[in-house]
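Novice: Below: one structure in structure tokens.
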Amino acid sequence: MIKNWFKHIGPGPLVAAAFIGPGTVTVCTLAGVNFGFSLLWAMLLSIVATVVLQEMSARLGIISQKGLSESIRSEITNPILRTLAIILILSAIVIGNAAYEAGNISGSVLGLESIFGNTTVEIGVFKLNILSILIGLIAFLLLFIGNYKLLEKALIALVIVMSLAFLITAMLTKPDLTEIFKGLFTPKFSEDNILTVMALVGTTVVPYNLFLHAFLVKEKWRKTSDLKYAQKDTIVAVVLGGVVSMSIIISAASIKTIEVSNAADLAKGLEPLFGNYASYFLSLGLFAAGITSSITAPLAAAYVASGCLGWSSNMKSKRFRMVWIFILGLGVLCSSIGFKSIEIIKFAQVANGLLLPVIAGFLLWIMNKSKVLGRYRNSVVQNVIGFIIFGIALFLGAKSILKVFEVF
């Protein structure tokens, strides 16, 4: 079975790699440090939601041979509604991915700074982080040339190594299994943890992955008989990614330091296994996770824009390049001018969580159109689960907005 899965492996691992980035490592660590095992239920909910929504996205791509943005553009016949929908989607993905890109680059910087130290320089009245610019340049070259797959595989392998370290570390910390099960199946809300819950959902159920997944599966699989491979690929990859995220929370729960502000603090979750080398190992993993996500975020935004506006999705086309250059450039700017890295990452995850109900609503609408999917449209059970996820995302988004207003 495992051999067969590897034979038919698809975009699933790329989707998992996209959400196991520096944001996931940071947010899961903060969740573990501040709340122990009590927010594992939020990660479990996120895994279920991700499997359900990504399966719908993959099914749409294979059956219709269209991306999600292309389907929305073609299926909304009213010109006014179509224009509003396109503006909404473009705004959501551009804003979300720009924030997420800043978090990706900042996460890579967090990793490298523990090795090279602070690399911020003053140029007149401006303070720029050299590492942010360097990481942005690497991502730019990989996207511009288009031959990034081999390096991306190497970076994903590094993320897997880091993930295995967290899995082993979680076991070595000898956590209380009773407390873990209690955290998994006993949801707890409070004024203190609601934004962290939003961040955990946002770091796992990444809106742009729904668009990216639909596009990638239609490139790999073109027959309806391949649907079963796409479904297995999605389930295995997302569940494994979720288990890794839970392991990070469990590992971080053993950290006694209350405030986490840099890579050295995050590395304490690995110290039981790697000792003094923990910070260097995590630095490499954070850099790998960050550079991989720094490529996928602008790439997804370019695919979304191309689908919504009817442009060519050729990676070397001028319009396609224009979109990812904008996202990447904005991410580098936000990361390099001196914002606190942890805060950028947290903002990116919360922003993605707020955008989720909008994107999920569009996906559910498309998945119920017989004209698009025929007999492969959503079943009653799939709709019930989908709308429950939509309702939860809507509730969490409303709660986070109220929380922000209370802060101000």
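Novice: List pairs: first residue in the range 129-141 and within 13 Å of Asn104 (Cα to Cα), second residue open to solvent by 70 Å² or more (accessible area, probe 1.4 Å) anywhere in the structure, Cβ distance under 8 angstrom, at least six positions apart or on different chains.
Specialist: From residues that are within 13 Å of Asn104 (Cα to Cα), the pairs are Leu131/Phe116.
Novice: Any idea which of (1) under 30 Å from Pro357 (Cα atoms); (2) modelled with pLDDT under 75; (3) not aromatic (Phe, Trp, Tyr) is the one Asn118 doesn't satisfy?
Specialist: (1)
Novice: How many of the residues in the range 1-53 are open to solvent by 10 Å² or more (accessible area, probe 1.4 Å), over 17 Å from the mean Cα position of the chain (by Cα) and modelled with pLDDT of 75 or more?
Specialist: So the count comes out to 7.
Novice: Find the residue count for the range 160-191, including only residues that are open to solvent by less than 60 Å² (accessible area, probe 1.4 Å), touching a helix residue (DSSP H, G or I) at 6+ places or on another chain (Cβ under 6 Å) and not hydroxyl-bearing (Ser, Thr, Tyr).
Specialist: Qualifying residue count for the region: 7.
Novice: Turning to a different aspect of this structure: Going through the range 68-80 one residue at a time, which ones are hydrophobic (A, V, I, L, M, F, W, C) and under 17 Å from Val372 (Cβ atoms)?
Specialist: So the first thing to find is which residues in the range 68-80 are hydrophobic (A, V, I, L, M, F, W, C), and the list is 68, 72, 76, 80.
Residues satisfying the conditions are Leu68, Ile72, Ile76.
Novice: Let me ask something else about it. Among the numbered conditions (1) at pLDDT 85 or above; (2) open to solvent by 40 Å² or more (accessible area, probe 1.4 Å), tell me where Arg59 comes up short.
Specialist: With respect to (1) at pLDDT 85 or above; (2) open to solvent by 40 Å² or more (accessible area, probe 1.4 Å), Arg59 is out only on (2).
Novice: Related question: Might you check whether a residue that is modelled with pLDDT of 80 or more and either within 25 Å of the chain's Cα centre (by Cα) or open to solvent by less than 10 Å² (accessible area, probe 1.4 Å) (or both) occurs anywhere in the range 96-103? Lay out the reasoning, then the answer.
Specialist: Pass one, the range 96-103, residues modelled with pLDDT of 80 or more: 101.
Remaining after also requiring either within 25 Å of the chain's Cα centre (by Cα) or open to solvent by less than 10 Å² (accessible area, probe 1.4 Å) (or both): 101.
So far as the range 96-103 goes, yes, one or more of its residues are modelled with pLDDT of 80 or more and either within 25 Å of the chain's Cα centre (by Cα) or open to solvent by less than 10 Å² (accessible area, probe 1.4 Å) (or both).
Novice: Considering only residues of the range 280-298 that are farther than 13 Å from Val25 by Cβ and either among the hydroxyl-bearing types (Ser, Thr, Tyr) or open to solvent by 40 Å² or more (accessible area, probe 1.4 Å) (or both), which is modelled with the highest pLDDT?
Specialist: That would be Ser294.
Novice: Any residue that is at pLDDT below 80, open to solvent by 40 Å² or more (accessible area, probe 1.4 Å), outside any helix (DSSP H, G or I) and farther than 28 Å from Gln231 by Cα - is there at least one of those in the range 192-215?
Specialist: no
Novice: Give, as residue ranges, the helices (runs of 4 or more DSSP H) completely inside the range 314-398 that count at least 3 residues that are modelled with pLDDT under 85 and crowded, with 17+ Cβ neighbours inside 10 Å.
Specialist: Working: elements: 318-336, 341-366, 370-373.
Here the list reads 318-336, 341-366.
The values are calculated or read from the model by the stated rules, or taken from the named source; none is laboratory data. No experiment lies behind these values; they were computed from the predicted model shown. Cβ coordinates were reconstructed from backbone atoms using ideal geometry, including for glycine residues, and neighbour counts include every protein chain displayed. Calculation scope for accessible area: heavy atoms of the full protein, side chains included, ligands and nucleic acids excluded. Shrake-Rupley method; radii C 1.70, N 1.55, O 1.52, S 1.80 Å.
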